[in-house]
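The values are calculated or read from the model by the stated rules, or taken from the named source; none is laboratory data. In this text the structure is predicted, and so the values were computed from the model without any measurement. Note that each Cβ is placed from the backbone with ideal geometry, even for glycine, and that neighbours are counted across all protein chains shown. In case anyone asks, the SASA skips ligands and DNA or RNA and just uses the protein heavy atoms, side chains included. Shrake-Rupley method; radii C 1.70, N 1.55, O 1.52, S 1.80 Å.
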Amino acid sequence: MTPRPPVIRTKAETSLVESFAQASASLPGGDAVRGARTRAFDVFHERGLPHRRIEAWHYTDLRNLMREAYPIASGVAAKAESGLRVAIQDGVCTLPTGALPAGLKLTAMRDALASADEALIHALFPDQGADDAMAAFNAAMARDGVLIEVAPGAQIDAPIELSFTASGDAPHGDISRCLVMVGAGARASILESHAAPARVQRNSAMIFRLGEAASLSHVFETCAASPELHVATLIAEVGKDAAFSSFAFVCAGEVLRRQAFVRGVGEGVKIALRGVSLLKGKQHADTTLVVEHAVPHGESREMFKTILDGEASGVFQGKVVVRPHAQKTDGGMKSQAILLSDDAAMYNKPELEIFADDVVCGHGATVGQLDEDQIFYLMARGIPRAQAEGMIIEGFAREVLEFVEDEAIRERLGAGLSGWLARRAS
Amino acid sequence: MLTITDLHANIDGKEILKGLSLTVKPGEVAAIMGPNGSGKSTLSYVVSGRDGYEVTEGSIVLNGEDILAMEAHERAAKGIFLAFQYPLEIPGVTTMTFLKAAMNAQRKQRGEEELTTPDFIKRVRAAADKLGVSQEMLRRPLNVGFSGGEKKRMEVLQMVLLEPKIAILDETDSGLDIDALRIVAEGVNALRAPDRSFLVITHYQRLLDYIVPDSVHVLSAGRIVKSGDKGLALELEKNGYRDYVADAA
Ligand SMILES: Nc1ncnc2c1ncn2[C@@H]1O[C@H](COP(=O)(O)OP(=O)(O)O)[C@@H](O)[C@H]1O
Ligand SMILES: [Mg+2]
């Protein structure tokens, strides 16, 4: 081995490293968990904050963007709510009161970690994304979050809401790690909403494991006020004939990095990752995906639409990997962006890595402005320019919004879209 | 109704309309015929107010009002309708949403009440039935995945609902089979009224068997080079545009 050059640490890196040293003794979990945490921390310690020379982070240079690491909150638990609403405030989980539907079990992650068996540890610390410094930092430091277990065959119709908030006005960091285990033939949906009234740096991880023929739909949503810096990692392992879909609706926050590591491990998986990002001002949103087909007959669909105004910047990096035995994989990936301003920028990097010969995979990426022909068509029908532009933008986003299965969530996101457009017009 | 006088228009610094004059009276159906590239679509765009054209000379007057300074949506509210040669697809915007937005945008500009939803739906149903536009088409995003014939029928549906004062049909016959052509022509004929005029742009005589014009004008190299009655269309069908192209050169 060649000796590594000494890492020159930034101020933020130094304080993140110190925060682990201070916290580690008090983090929940037995020896096996501690071992997993230490291995994860080593990854972070060795790499430091990701920067532009790390390919997967090329367009989101955290070393530069995170000049200062805010102190990681000791955490103030939110009040418990009824229904299927889990509050995660400052990274601390509060479970809802009242009875849960049959087949659904919720456990605060701090408790799950304290008594974790080998299977749970394996699920909680997967190899996917393990060499990503920020995902690793999350694995090392997370104290809490929620463990959601859906028993085999259970059909949970109402979405389980995970509401991420922050308390107080002082700048702080929060870290959370959630695991959703969906048993064979079970079905559930998760709505993950992020808000942050204060200056928050958030590192959140959602891990999904879907058993045979399980079905899970996940919606990620930023609310009116969202963290000024947010790294959201999604890891999913999808079993035979299971269907996993994840939809992201992004309209708030300053710097958001969403990274998804999704793997189909059984035949006949259906994976769908989609999203709409509405960016303005100096907002920066990065969506980086790695979708891996390890076995035959898998299907994956990725479709992301980004609308950028002001000086906003957007990133889409999607990589579909088809392993040598994953014949008959059907993959389609698309990223489309509309620039509403000359100062906005979109970076698209779709990639296919195909090691099997009998597959149908395609990708496409477009960046453009509003189409003057379309605008004229609507204006010639009596619609003023600003309204015509709004209709075209809304239609562009609705094309993918239609894929959100839950009607109430779809309508809520639709209202968010209309509101964003109305604010732009005013 | 519509008076165009000595109209000169450029696009990208290139003069396309070169002194075009034309008068269309109330209730008149005027046919514009001419070879490809003669400026027919350009005329339709300049009259309906598309950005990007520079009018260097001349005037366009609608019912006594000079419209050249108006934006396209204002002209539409004044009663100018253009049935596009190539109707645009608008992904994600359902046809119903679009129709309602268009009808209400015009009403608002004219200071009229917005349509109630039941009234709107009733109007659309009635018009759609006559034109053979299915409910399923109305639920789909505007023109997305429609066949050429469906797109043209959708243009006529919009025209019926928007009740224009002057409708410009830019090669509405192109790409239509004979049955679709008949449906479209019937839709237009049903709209003929003493206070509504039509400018029917076509390359072929065929459409004029179904929409019988009151006058026929030959457009060549950016000017009207000959006007006559419907007999002129038959003559053009027989002899082609050769004489007029030569004249203009
Ligand atoms: N955007 C443009 N820029 C430059 N030339 C144009 C443009 N649009 C049309 N033209 C030219 O103007 C002329 C008239 O075009 P058009 O009005 O479409 O003719 P028609 O409809 O009679 O076939 C053609 O020579 C065409 O090439
Ligand atoms: Mg033309």
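With solvent modelled as a 1.4 Å probe, how much accessible area in total do chains A and B shield from it at their shared surface, in Å² to the nearest 100?
Counting both chains, the buried surface is close to 2000 Å².
Which whole-number percentage describes the relative contact order of chain B, with Cα contacts under 8 Å and a sequence gap of 6 or more? Write down the numbers at each step before the final one.
Numbers: 448 pairs, mean separation 71.7, N = 249.
It comes to 29 percent, rounded to a whole number.
Mind running the shape call on segment A:1-140? Use the C-alpha gyration tensor, a ≥ b ≥ c as the square roots of the eigenvalues: rounded below 1.5 for a/c, prolate if a/b tops b/c, oblate otherwise. It would help to have the intermediate numbers written out before the result.
Details: a/c = 2.13, a/b = 1.74, b/c = 1.23.
Judged from the Cα gyration tensor, segment A:1-140 comes out prolate (a/c at least 1.5, a/b above b/c).
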Item to complete: Please give the helix B:230-239 orientation as an angle from the longest Cα principal axis of chain B, in degrees from 0 to 90, rounded to the nearest 10.
Response: 70 degrees
Worksheet item: Let a ≥ b ≥ c be the square roots of the eigenvalues of the Cα gyration tensor of chain A; is it rounded (a/c under 1.5), or, if not, prolate (a/b larger than b/c) or oblate?
Response: rounded
Discussion item. With every atom except the alpha carbons ignored, what do you get for Rg and Dmax of segment B:2-248, in angstroms?
Written reply: 17.8, 56
Worksheet item: Nearest 0.05, what FRET efficiency do B:I178 and A:R53 give at R0 = 60 Å with Cβ-Cβ as r?
Response: 0.35
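Would you please name the chymotrypsin sites (Phe, Trp or Tyr not before Pro) within segment B:209-249 that are DSSP coil residues with at most 14 other C-beta atoms within 10 Å of their C-beta?
Those that pass, being in a loop and sparsely packed, number zero.
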Discussion item. Can you give me the angle between helix B:178-191 and the longest principal axis of chain B, using Cα atoms only, in degrees from 0 to 90, rounded to the nearest 10?
Written reply: 80 degrees
Worksheet item: Within chain A, how many Lys pairs sit with Cα atoms under 15 Å apart, leaving out pairs fewer than 8 places apart on the same chain?
Response: 9
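Check each of the GluC sites (Glu not before Pro) in segment B:99-144 and keep only those in coil by DSSP with at most 16 other C-beta atoms within 10 angstrom; list them in order.
On the way: sites: B:E112, B:E113, B:E114, B:E136; in loops: B:E112, B:E113, B:E114.
Passing sites in segment B:99-144 are B:E112, B:E113, B:E114.
For segment A:371-426, what is the accessible area per residue in Å² when the probe is 1.4 Å?
Details: 2360 Å² over 56 residues.
Using a 1.4 Å probe on heavy atoms only, each residue of segment A:371-426 averages 42 Å².
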Discussion item. Solvent-accessible area of A:V76, probe 1.4 Å, all protein chains present, reported in Å² to the nearest ten, please.
Written reply: 80 Å²
Fill in: Estimated distance in nm for a label pair at B:D51 and B:D229, the labels positioned 7 Å out from Cα along Cα-to-Cβ
4.6 nm
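Percent of accessible area on chain A owned by carbon and sulfur, 1.4 Å probe? Could you put the intermediate results ahead of the total?
Values: 8910 of 17000 Å².
Looking at chain A in its full context, I get 52 percent from C and S.
Over all residues in B:89-96, what is the mean tally of Cβ atoms on other chains that come within 10 Å of each residue's Cβ?
Values: counts 5, 9, 7, 13, 9, 2, 0, 0.
Taking the mean over all residues of the peptide, I get 6.
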Worksheet, complete the sentence: For segment A:34-94, listing trypsin sites (Lys or Arg not before Pro) in a DSSP loop whose Cβ sees at most 11 other Cβ atoms within 10 Å gives A:R53, A:R67, A:K79
Item to complete: For an R0 of 60 angstrom, estimate the FRET efficiency from the Cβ-Cβ distance between B:K18 and A:I354 and round to the nearest 0.05.
Response: 0.60
Worksheet item: Most mobile of A:A112, A:A388, A:A188 per a Gaussian network model of chain A (Cα springs, under 10 Å)?
Response: A:A388
Fill in: lysines whose Cα lies under 30 Å from that of B:K18, excluding same-chain neighbours fewer than 8 positions away
B:K40, B:K78, B:K152, B:K165, B:K226, B:K230, B:K238
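Once the other residues with Cβ under 10 Å from the Cβ of A:E299 are scored (Lys, Arg +1; Asp, Glu -1), what is the net sum?
Values: positive: A:K270, A:R301, A:K328; negative: A:D330.
Combined, the nearby Lys, Arg, Asp and Glu give +2.
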Worksheet item: Could you give the angle, 0 to 90 degrees to the nearest 10, between helix B:95-109's Cα long axis and the longest principal axis of the Cα atoms of chain B?
Response: 70 degrees
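If you take every residue apart from A:A154 with its C-beta less than 12 Å away from the C-beta of A:A154, what net charge results, scoring Lys and Arg +1 and Asp and Glu -1?
Numbers: positive: A:K105, A:R187; negative: A:E149, A:D157.
Local net charge: 0.
How much length would be gained if the chain were fully extended between B:V212 and B:T116, taking 0.36 nm per residue of separation minus their Cα-Cα distance, in nm to one decimal?
Numbers: separation 96, 0.36 × 96 = 34.56 nm, distance 3.63 nm.
Result for the pair: 30.9 nm of gain on full extension.
With +1 assigned to the C-beta of every Lys and Arg and -1 to the C-beta of every Asp and Glu, and no other charges, what is the dipole magnitude of segment A:371-426 about the Cα centre in debye, to the nearest 20? Before the final figure, lay out the partial values.
Working: 7 positive and 11 negative charges, 75 e Å.
That gives a dipole near 360 debye.
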Worksheet item: So what is the relative contact order for chain A, in percent, with contacts set as C-alpha pairs under 8 Å and at least six apart?
Response: 9 percent
Worksheet, complete the sentence: Rounded to a whole number, the mean other protein chain Cβ count within 10 angstrom for residues of A:396-406 is 2
Worksheet, complete the sentence: chain A: longest segment with zero exposed GluC sites (Glu not before Pro), where exposed means DSSP loop plus at most 13 other C-beta atoms within 10 Å, is residues A:69-401
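Averaged across B:67-78, how many Cβ atoms of other chains sit within 10 Å of each residue's Cβ atom? Don't jump to the answer; show the numbers that get you there.
Working: counts 0, 0, 0, 0, 3, 12, 11, 3, 3, 7, 4, 1.
Whole-number average of other-chain Cβ neighbours for B:67-78 is 4.
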Worksheet item: About its Cα centre, what dipole magnitude does the protein assembly as shown give when the only charges are +1 on Lys and Arg Cβ and -1 on Asp and Glu Cβ, stated in debye to the nearest 20?
Response: 540 debye
